[in-house]
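Report on one structure; see the data block that follows.
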């Protein structure tokens, strides 16, 4: 199934806010210029859920980071972009991914990873409503597996290594929020590298 044609304004507003924090305004504007998204320079979309933004623009923005900074140079930056995006959702937009009112500190330690899985499943229901039915998520002996096809992080890119570091950063921040420690996350398949899907494995603690 293809990506939805239109995305909520809030997705762009959130992504641009996170990118400005990480790159600074001049750095973000350079990316926007390169990606031919000058319409967003000094003109972020409104902070609402109206379906007014093109999914093609979103993938152009994501690929712009990799094309400008390179595969290696973009790794840490895009990881931080995904991580900060989730932090902003928790701080300002919890209703976007169905986590409004959830308090991780109330959870018992022996069930933290199970709770992580439950919350990821809950958020991916919301994400499917935003991006389309592009996710397959399941548990295996290693942990929690997230698969995307197509992938909004790497559409149109051709890379040597898996490149969806923003997705890993997002999942990393979810893990830190729920479990209280950094979980090991690995992208084992990537469409940009020539695989048929992108696959992220979030390993159980101790794996």
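The values are calculated or read from the model by the stated rules, or taken from the named source; none is laboratory data. Computed from a predicted model, the values in this text were never measured in an experiment. Please note: Cβ atoms are built from the backbone with ideal geometry, for glycine as well, and neighbour counts cover all protein chains shown.
Scanning for something under 19 Å from residue 85 (Cα atoms) and out of contact with any strand residue (DSSP E or B) (no Cβ under 6 Å at 6 or more places or on another chain), does segment 183-203 turn up at least one residue? No, segment 183-203 contains no residue that is under 19 Å from residue 85 (Cα atoms) and out of contact with any strand residue (DSSP E or B) (no Cβ under 6 Å at 6 or more places or on another chain). Take the conditions (1) surrounded by 15 or more Cβ atoms within 10 Å (Cβ to Cβ); (2) closer than 25 Å to residue 51 by Cβ; residue 159 misses just one of them, which is (2). Answer with yes or no whether residue 51 is on the phi < 0 side of the Ramachandran plot and crowded, with 18+ Cβ neighbours inside 10 Å. No. For residue 101, the criteria (1) more than 23 Å from residue 15 (Cα to Cα); (2) over 18 Å from the mean Cα position of the chain (by Cα); (3) exposed (fewer than 14 other Cβ atoms within 10 Å of the Cβ) hold in every case but one, which is (1).
Hey, does segment 4-13 have a residue that's outside any loop (DSSP other than H, G, I, E, B), closer than 27 Å to residue 204 by Cα and either in contact (Cβ under 8 Å) with a residue 40 or more places away in the chain or under 16 Å from the mean Cα position of the chain (by Cα) (or both)? Checking segment 4-13: not a single residue is outside any loop (DSSP other than H, G, I, E, B), closer than 27 Å to residue 204 by Cα and either in contact (Cβ under 8 Å) with a residue 40 or more places away in the chain or under 16 Å from the mean Cα position of the chain (by Cα) (or both). Residues being touching a helix residue (DSSP H, G or I) at 6+ places or on another chain (Cβ under 8 Å) and not in a loop (DSSP other than H, G, I, E, B) are represented in segment 39-48 by at least one member.
Selection within segment 26-37: residues that are free of Cβ contacts under 8 Å to residues at least 24 places away in the same chain and surrounded by 12 or more Cβ atoms within 10 Å (Cβ to Cβ). The member of this set that is farthest from residue 82 (Cα to Cα) is 33.
Give me the residue from segment 53-95 that is part of a helix (DSSP H, G or I) and in contact with a strand residue (DSSP E or B) (Cβ under 8 Å, 6 or more places away or on another chain) and, out of that set, farthest from residue 19 (Cα to Cα). Selected residue: 55. None of 195, 142 is surrounded by fewer than 21 Cβ atoms within 10 Å (Cβ to Cβ), farther than 22 Å from residue 57 by Cα, free of Cβ contacts under 8 Å to residues at least 12 places away in the same chain and over 14 Å from the mean Cα position of the chain (by Cα) except 195.
Cβ-Cβ contacts under 8 Å between residues 6 or more apart (or on different chains), taken from a first residue in segment 64-76 that is farther than 21 Å from residue 37 by Cα to a second residue that is at pLDDT 90 or above and in a helix (DSSP H, G or I), are listed as 75/165; 76/165.
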